[in-house]
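Undergrad: Below you'll find the structure I mean.
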Amino acid sequence: MSASDLELVALVVASRDQRAFGSLVNRYQVLIRAMMLRMTSDHALADDLAQNAFLQAWNKIDSFSGKGSFKAWLCRIAYTEFLQNYRKRKSTAKAMQKFKDHSEIIVGQSQNWDSGEAIDLDRALDKLSDIERSMIVLTYSTGLTNEEVAQVSGLPLGTVKSHIKRGKEKMRQMLMDAQEVIE
């Protein structure tokens with residue numbers, strides 16, 4: 001029988017138990033990496049940010065109070081890592097990547113990395129504002145509730161719901177427009 005998150009955290013806090021923390025990492029690494037990948041659209045950067053998030057979690061684990069879920073606490077750390085990185089890199093790198101993606105689509109040389117639906121979903125996510133994309137990824141990729149997303153992002157619950165609704169509407173329209181082009 002596997003230990004609960006709270007039991008593992010207690011072991012880490014009490015004795016800096018690396019095995020217990022390793023269990024937490026194993027439990028949540030796929031979720032955090034997927035969250036970072038959806039937010040950044042960059043595999044290497046997503047891996048780096050996920051690793052940094054787990055290092056921060058290790059260093060700050062004694063600040064986990066047990067209020068709310070460990071998953072939400074960890075997602076908040078990962079989201080903070082994403083925001084810090086985004087603020088550092090937001091200028092030319094992102095503009096160059098969008099130009100490259102746009103050029104590949106126009107020329108018809110975009111690479112088929114995944115199924116068409118996943119590519120369409122990622123493209124639609126890329127066209128959202130950063131805050132809309134982040135809120136949707138936090139909600140649907142991590143399975144957090146709207147209340148947990150509000151805690152993770154530090155935004156009021158109503159604002160989170162508005163960003164999610166607006167983002168979903170934009171994505172729905174983009175995906176419908178893409179479907180019409182195919183037909």
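Undergrad: Of the residues G158, G167, only one is surrounded by 13 or more Cβ atoms within 10 Å (Cβ to Cβ), modelled with pLDDT of 75 or more and on the phi < 0 side of the Ramachandran plot; which?
TA: Step by step, each of G158, G167 is checked, and only G167 is surrounded by 13 or more Cβ atoms within 10 Å (Cβ to Cβ), modelled with pLDDT of 75 or more and on the phi < 0 side of the Ramachandran plot.
Undergrad: Mind checking which pairs have a first residue in region 126-151 that is within 11 Å of C75 (Cα to Cα) and a second that is at pLDDT 90 or above and in a loop (DSSP other than H, G, I, E, B), Cβ under 9 Å, 6 or more apart or different chains?
TA: Here the result reads T139/T145; L144/S69; E148/S69; V149/L155, each pair linking region 126-151 to a residue that is at pLDDT 90 or above and in a loop (DSSP other than H, G, I, E, B).
Undergrad: Just checking, does region 104-119 include any residue being part of a helix (DSSP H, G or I), over 25 Å from K67 (Cα atoms), of a type in the set (V, I, T) and modelled with pLDDT of 80 or more?
TA: Looking through region 104-119, none of the residues is part of a helix (DSSP H, G or I), over 25 Å from K67 (Cα atoms), of a type in the set (V, I, T) and modelled with pLDDT of 80 or more.
Undergrad: Can you name the condition, by its number, that F99 falls short on among (1) among the aromatic types (F, W, Y); (2) more than 16 Å from the chain's Cα centre (by Cα); (3) at pLDDT 60 or above?
TA: F99 satisfies every listed condition except (3).
Undergrad: Give region 1-53 a look and list any residue that's in contact with a Lys or Arg (Cβ under 9 Å, 6 or more places away or on another chain) and of a type in the set (S, T, Y), or say none.
TA: Scanning region 1-53 gives S2, Y28.
Undergrad: May I pose another question? Can you list residue pairs whose Cβ atoms sit under 6 Å apart, with the first residue in region 152-176 being under 12 Å from T139 (Cα atoms) and the second being surrounded by 13 or more Cβ atoms within 10 Å (Cβ to Cβ) and among the acidic types (D, E)? Count only pairs 6 or more apart in sequence or on different chains.
TA: That search, which allows pairs on different chains as well, returns H163/E132; G167/E132.
To keep it simple, each residue is scored yes or no on (1) closer than 21 Å to G143 by Cα; (2) of a type in the set (A, V, I, L, M, F, W, C); (3) out of contact with any Ser or Thr (no Cβ under 7 Å at 6 or more places or on another chain).
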| site | (1), (2), (3) |
| --- | --- |
| S15 | no, no, yes |
| R19 | no, no, yes |
| Y28 | yes, no, yes |
| L45 | no, yes, yes |
| Q56 | no, no, yes |
| S63 | no, no, yes |
| L74 | yes, yes, yes |
| I77 | yes, yes, yes |
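The values are calculated or read from the model by the stated rules, or taken from the named source; none is laboratory data. A quick note: this is a predicted structure, and the numbers were derived from the prediction, not measured. We place every Cβ from the backbone using ideal geometry, glycine too, and count neighbours over all the protein chains shown.
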